[in-house]
Each structure stands twice: as structure tokens, then as C-alpha cells.
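What follows draws every value from the coordinates through simple rules; no lab data is involved. A quick note: this is a predicted structure, and the numbers were derived from the prediction, not measured. Every residue, glycine as well, gets a Cβ built from its backbone with ideal geometry; the counts of neighbours run over all protein chains shown.
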Amino acid sequence: MKIAFIIDPLDTLKPYKDSSVAMMRAAQARGHALFTIQRESLVVRDGLVSARALQLSVSTDNHQWYEPGGEALLPLTHFDAVLMRQDPPFDAEYVAATWILERAVAQGARVFNNPRAIRDHSEKVSIAEFPQFTPTTLIAREAASLNAFIDELGDTILKPLDGMGGTGIFRVRKEDPNRNAIIETLTADGQRTIMAQRYLPQITEGDKRVLLVGGEVMPYTLARIPMAGETRGNLAAGGKGVAMPITPREQEIATALAPVLWERGLLLVGLDMIGGHLTEINVTSPTCMVEIAQQTGFDIAQRLIEKLETLPR
């Protein structure tokens, strides 16, 4: 197969832990041709979606992990699969890319995750579809509503709807003297909607990443365990990643969501869970494959490529 990855600039990736790089290595090991596309090179000419695609080969050397080949403007239908793996921010340009990729799908391109599903699926707000699995949650922008939530629960987490890697997350207690300032900052004085959730003390045991591949629940999770004195388990915020077998509760939640999300064209999904509660559903560029493979030997990147091979073309 010819597989194209829409990703961030190659020299900004960290090959020793990047899940997109792991997928490329798995694909090449199985004999597939690799291409990368930068989102800004997507074009629509007279209705046809194309992009500048760089062919490359990859190695296991994390210092010189890729060798570039030729580059050409190619229609997205040229590829057997296109994997949209660019990190947020989920801004207007990201939305524009999903519009363009949706046209490519209409022309016969196979794009994963499905661009319409990515656009319609807020990684934070989407959990509202499954309230039976979530902690007590409020999505609002009015200070009065947020303050009433904090007064009711006493100990909460506030976070922006468009953040990633733990950015902009605050733990706010009822007696916190800075809570009004935090609310004003996160909501831009009531102009931006945010999420508030009940604080889950089980965060000390890890913010678990559960991966779904083509509707199948992966058997290992990565617990992102916060540093001492920190409430965020995100690896980007200094958390330690520890691979663990999936628990029965995590399996229950993941099994309920997996077929629903796969039906929408979401090939790869990262569920975030704390203490058996669903906190986020990540669909833009879920990670943690490398850490799980290194610690357990279970290769989720390879499983994803194998899934692509079985899909009808």
C-alpha cells in the first residue's frame, strides 16, 4: 500500500516516543510505501484535492530516523490510506483542512480519522454523549454557573476545550482565593466556554490512556502518573508513563464506546480515564503507543497497520 501521513514538520517530531513515527516504522516493516504531507500544502483545484507529498524511508535510528525521497503534487486518491495525524490547536485552519479532506473522501480517498468525524467530535465536549461513564461535569462560560459548580463540589478541575498536553488545566477548590481570576482567565471574561469536572483523587494512580483501533480495545493502557505536587498526569506536563493491563471497568467503558466511534470512521481513538471515569475522547492525534510497546511488547502501531490492510479498498 501507499500510505500518506499528514503530520507536523518531520524535524519537530520526537522519534523515540512519537506514535506517528511508530506507525511509519510498522508500515515500512510490512512492505508499504511511506509519504508525508504538510497540512498547508493541501489544495483544491477545480474540485480535485491534492497535496505535495514527500516520499521517505524510515529507520530505527532515533538520531537520523528518516531519509527523504522525491516530492510531487499528488491527488489524495493516489494513496491507499491517508492518516490525519496533526496535533491541535483545533483552530480555523484545522477546520478548513477537515473541509478539504472531506472533499477528498467524496472523491474516493480513504482518510483516517474521518475528517467529518474529527470536526464534529470535540475531544472534551464529546464525553457528554456518555454521561453514565463520566465524573460530574459542567460545560459553561458564565462565571456564575462555574462558581456555583465549584461551591457545590468543593474540589474541581477547570480546563479549556481546545487544550492538549495538560495546558491550561487548573485544580480549583471552593476556598481558593484565586478562583475568580482563574475563571476570568480561562473564559476570557466570559467569552470562551470551558469545562469543569469533579476532582478525582485517583489521579495519583494515573490518568489512563486507553487506545481503540478500528473498534477493537487494546489490552494495555498507559497510566500517566503526575509528579509529586502536580495534579496533571500528562507526559508533556512531566507525568511518568507506566503501562498496565486494562482493568475491568476500563474495558467496560471502552467496549461500550468502541463500536460507536468506529462506526463514525474513527480508526484510532485515545480514551482518557481517571479512577474508572471517562474524562476525554481524543481523536486528532492519540499517542502512547511507543511507551506501551516498550514496556509490554504489545505493538499497537503494528496492529493499526494490520487493520488498515484488512479494510476494503
In region 178-214, the residues that are closer than 29 Å to Glu291 by Cβ and in a loop (DSSP other than H, G, I, E, B): Tyr199, Leu200, Gly206, Gly214
Helices (runs of 4 or more DSSP H) completely within region 225-313 that count 1 or more residues being under 27 Å from Tyr16 (Cα atoms): 289-296, 300-310
Pair list, Cβ under 9 Å, 6 or more apart: region 86-106 residue within 19 Å of Ser19 (Cβ to Cβ), other residue surrounded by fewer than 16 Cβ atoms within 10 Å (Cβ to Cβ): Asp87/Gly165; Tyr94/Pro88
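Does Leu48 count as crowded, with 17+ Cβ neighbours inside 10 Å and without any contact (Cβ under 8 Å) to a residue 60 or more places away in the chain? Before the answer, list the steps.
Details: crowded, with 17+ Cβ neighbours inside 10 Å: no; without any contact (Cβ under 8 Å) to a residue 60 or more places away in the chain: yes.
Considered against the rule, which asks whether it is crowded, with 17+ Cβ neighbours inside 10 Å and without any contact (Cβ under 8 Å) to a residue 60 or more places away in the chain, Leu48 comes out as no.
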Complete set of residues in region 52-71 that are touching a residue at least 40 places away in the same chain (Cβ under 8 Å) and touching a helix residue (DSSP H, G or I) at 6+ places or on another chain (Cβ under 7 Å): Trp65, Tyr66
Total residues in region 70-98, condition out of contact with any Ser or Thr (no Cβ under 7 Å at 6 or more places or on another chain) and assigned to a strand (DSSP E or B): 7
Residue, nearest to Gly276 (Cα to Cα), within region 132-156, restricted to residues that are touching an Asp or Glu at 6+ places or on another chain (Cβ under 9 Å) and among the hydrophobic types (A, V, I, L, M, F, W, C): Phe133
Selection status of Ala104, in contact with a Phe, Trp or Tyr (Cβ under 9 Å, 6 or more places away or on another chain), surrounded by 17 or more Cβ atoms within 10 Å (Cβ to Cβ) and under 26 Å from Gly265 (Cα atoms): no
Conditions (1) closer than 23 Å to Leu266 by Cα; (2) surrounded by fewer than 20 Cβ atoms within 10 Å (Cβ to Cβ); (3) not polar (S, T, N, Q): number failed by Asp207: (2)
Leading residue by the ranking (farthest from the chain's Cα centre (by Cα)) among those in region 76-121 that are farther than 25 Å from Leu257 by Cα and of a type in the set (Asp, Glu): Asp80
